[in-house]
Amino acid sequence: MRILSSITGDHWVLALRTVLAVWLALYVALRLDLAQPAWAILAVMIVTLQPVMFTKGTPPLGIIIHRCIGRLIGTFLGALMGLVLIALFAQQPMLYLLAAGGWLAFCTFCVMLLNDEPASYIMMLSGYTATLVSLTAIGTGVDNVFSLALARTTETALGIGAGFLMHVLIAPRFGSYALPATLQALIAGAAGEARVALVEKRSRAVLNERLRALMGKHQQFEAQHSLARFEFRRFRRLLPALDRFAGDSLALMTGLRELEEAIDRLSHCEGAETIMAVLRDPTLPFLAALEQQGDELPPLPVLPDDTSLVASGDCVVLVRASLVRERLGEVLKLLHHGRALSLAMRHHRHARLVQLTGRRPRRSWHPEYGVARYNAFRVFIAFELLGLYWIHSGWPSGYLSMMLLGVFIVLFAKAPDPAAVVRQFLTGTIWAVIIGCVFSYLVFPAITGFPLLALSIGVPVVIGTLMTPHIRYAAVGLAGAVTLMTLLNLHRTYEFHPTQFINGGLASILGTIVTMVTYSLFRQRTPAARLEALLAAYWRGLERLTRTRRLPSRAWLESRLYDRLGRLLALGSGEPMLREAVDLHALAMCLWRLRRLARGGGDDQREIRHWVAALGRQLPHAGRDERAWQRLADDCEARATALYALRPLPTALIGEFEMLAHLLRDMPGAEAQAREALSDADNEEGALDAR
C-alpha cells in the first residue's frame, strides 16, 4: 500500500509511455518476422528504465537521446566484436574464455576510467553486447552467428526507435528548459555573495552555508547544461560557452573565497572603511542589477586604480587594497561573463554577447587508475571461473548465466555499492522466473492473437515501470523486466518446454548470484576511501605545481578543479570536504600566481621560485598539524615583510604572499574549519540569547 500511495501522475505517464513503446516494438518485430522480438522489448526497457533509477521519474529527453545514440553505437561495436570472437575462437573454448573475458575486462576498465558519459556508456554496451552475441551463438549454434549479430543490432535499433518516439510524442520532458533561469540564479547567488562580502563581515558558519548553497546551484546548472546539446537546437551554438562557464563558475567560487580573505586582511588596516566605500560605489549597483531578473546587460564597473584607493603612503594598506581590487575585478568579470551568457540564451538579440566566452576549453580529467584496474580484474576472474564451470559441466543453458554475469557486472560497476544493487536484482530475477513460468504455462497457451499477447506483456511491464522510480524497488523492477524478456521466446508463444525454461531460469539466477558473490568477495575501496584519495590528489597536485619546470596554464588548473569536484559530488562528499577542496584550489591558484610573478631573471625572483618549490615539498607532510601550518604561514608573512624594502614596490607579489599566508592559516583541514564554524555558530546563538 505504501508504494501505491507514492505513485505520482508522472509515474503513470512513464508507465503509459513505456508500455506503448513495448507494444510498438513487439508489433513491428512480429510483422517483420525478426529473430527474437524480446530483444526489441529489452532495448525499450533498458533505454527507458535505467535512467529512471537515477532521475526517480521521467528522464529528460536529453538523457533519452544520449542513451539511444550511445546504445546504437555500443551495440554495433559489440556485435562486431562478438563476430570477431566467434570467427577466431569458436572451436577453442578456453581461448574464447580468455579473449571474451579480456574484452569484457577492457571495456569495464574504460567504463570506470572515462569521465565522459557518452564514451563510458558506449564502452559498457560494447562490452556486454559482444558477450551476448558470442555466447548466444555458442549456445544455439555458431553457424548463424552473423544472423544473430545482425538481429541483435536490428532489434536493438527497433526498440530504441520505439522508446524514443514515445518519449517525444507523449509529454516530453526537457531537462535543459530551465537552463537560462538556473544560470541566472547561479549568477544572482554569486552576486549576492560578493555584495555581502563587500558590505558586512560574516562568520565562518554563514560563509560555509552560503558556499553550500552556491554549490547546489552549480550542480543544478551542470546537470542541465550537459543535456542542452541534445534537447534544443538553439542552445547548440552556445555549447562552447556553456562548457567554458561550467569551469568558470567554479573559478567564481574560488574567487569569492579569496575576495573574502582579502577583505578580511584589509579590514585590520587603518582607513579600510574608506577604501571599501570607494570600491562599493561603482560595484554595488552592478551587483544589485545582477541579482535582479533583467533583460539588459549592465556595464562592467570600472574600479578605481591603486593611487585613488590609498591616499596615504602606507605600503601595507596599499598592498592589501590592491589585492582586494584585483580579486574583486576577477569576480566582477566572471559575473559579467555569466550574465552575458544567460541573456544570450534567453534572447536572440543578445547572441553576439556569446563571443565574450571564447573557445571551448580542453577538459583535464583525474583518472582513478587503481579503481579501474581492480574492477577489470574482478570482472575477468568472475567470467573465467563461471566459464570454466559451464564448459566442464556441459550445462546447455550455462551460457545464459555468462550473459547475465557480463551484463550485471558491467552495468553497475560505477555504483557506490554494486553488491547491494545486485542483491535487489536477484530478488527481481527470482520473481521474473516465477512470473515467466506462469506466463509460459498458463497465459500464453490461451492467447489467440496479438491484442491479447500485448495485454499480457503489458501487465509486467507496467508493474516493473512503476517500481523502478522507487529506490527500494528500482533494481527489482528493472531486473524483473530484463530477465522476463530474456526468458520468454515470443516466437514460440504456444509451445511450452519445461526443461528448457527451468534451465534458463536457473541459469539466470546463477548468473545473478555469481555477480553478487563477485562484488561481495572482491570489494573495491569504499566511497569514503575514494574521496580521501581524491583529496590526496589535490595535495600531490600542489606539490607538482611548485616543482614543475613549465608553469601550467590557468585553464588547466580550473579544469582539474572542475573534474575533481564533479567526482567528489558523485561519490557523496559532504560540505566540509567540498570546502577543503575549494580551499586547496585557492591555495593552488595563489602558488600559481606567485610562480607567474616570479618568472623574471633577477636574484629575488629565483629565490622566490626556490622558496615556492620548498613550500610545495612541505605541504603534503603538514597534515592536520596546526602548528606546522602556522610555521609555514609565519614564514610566508616574513617573506612578504622583506619585500616591502624593495623599490619599486612589488605590490602584486606582496599581495600574493599575504594572501598565501592567510590561506595557510586556514588550511589545517576541514576538521579545524568545521570546529571554527561550530564555535562561530555557538557564539552567534549565545549573542542572540543575550539580546
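The values are calculated or read from the model by the stated rules, or taken from the named source; none is laboratory data. Here the structure is a predicted model, which is why all the values come from computation and not from measurement. Cβ coordinates were reconstructed from backbone atoms using ideal geometry, including for glycine residues, and neighbour counts include every protein chain displayed.
Conditions (1) closer than 24 Å to L114 by Cβ; (2) touching a Phe, Trp or Tyr at 6+ places or on another chain (Cβ under 7 Å); (3) of a type in the set (A, V, I, L, M), marked per residue:
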position	(1), (2), (3)
A382	yes, no, yes
G398	no, yes, no
R423	no, no, no
A432	no, no, yes
Among the candidates A137, A130, residue that is more than 20 Å from I69 (Cα to Cα) and touching a residue at least 12 places away in the same chain (Cβ under 8 Å)
A137
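Do we have L688 as assigned to a helix (DSSP H, G or I) and at pLDDT below 70 here?
yes
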Grab the helices (runs of 4 or more DSSP H) fully contained in the range 228-300, keeping just those with 1 or more residues being closer than 27 Å to V319 by Cβ.
239-266, 272-291
Matching residues in the range 90-133 (in a helix (DSSP H, G or I), of a type outside the set (A, V, I, L, M) and touching an Asp or Glu at 6+ places or on another chain (Cβ under 7 Å)) number 1
What's the number of the only condition in (1) polar (S, T, N, Q); (2) surrounded by 16 or more Cβ atoms within 10 Å (Cβ to Cβ); (3) not assigned by TED's automatic domain parsing to the domain that holds E384 that T515 fails to meet?
(3)
Yes or no: the range 43-62 includes at least one residue that is aromatic (F, W, Y), out of contact with any Pro (no Cβ under 8 Å at 6 or more places or on another chain) and touching a residue at least 12 places away in the same chain (Cβ under 8 Å).
no
What about L207, is it closer than 30 Å to L16 by Cα, hydrophobic (A, V, I, L, M, F, W, C) and either assigned by TED's automatic domain parsing to the domain that holds D583 or at pLDDT below 85 (or both)?
no
Considering residues of the range 113-122 that are surrounded by fewer than 24 Cβ atoms within 10 Å (Cβ to Cβ) and not charged (D, E, K, R) only, the residue modelled with the lowest pLDDT
N115
If a residue must be touching a Lys or Arg at 6+ places or on another chain (Cβ under 6 Å) and surrounded by fewer than 13 Cβ atoms within 10 Å (Cβ to Cβ), how many such residues does the range 630-646 contain?
0
Per-region count, the range 381-405, residues surrounded by 21 or more Cβ atoms within 10 Å (Cβ to Cβ) and among the aromatic types (F, W, Y):
3
Condition set modelled with pLDDT under 75 and in a helix (DSSP H, G or I), scope the range 620-635, selection nearest to the chain's Cα centre (by Cα): answer is P620
State whether one or more residues within the range 602-615 are closer than 23 Å to V324 by Cα, surrounded by 12 or more Cβ atoms within 10 Å (Cβ to Cβ) and at pLDDT 80 or above.
yes
Does any residue of the range 368-379 turn out to be outside any helix (DSSP H, G or I), acidic (D, E), under 30 Å from I7 (Cβ atoms) and out of contact with any strand residue (DSSP E or B) (no Cβ under 7 Å at 6 or more places or on another chain)?
no
Where residues in the range 322-359 are in contact with a Leu (Cβ under 7 Å, 6 or more places away or on another chain) and either assigned to a loop (DSSP other than H, G, I, E, B) or of a type in the set (S, T, N, Q) (or both), which of them is modelled with the highest pLDDT?
S342
Would a scan of the range 49-60 turn up a residue that is crowded, with 24+ Cβ neighbours inside 10 Å and under 30 Å from G101 (Cα atoms)?
yes
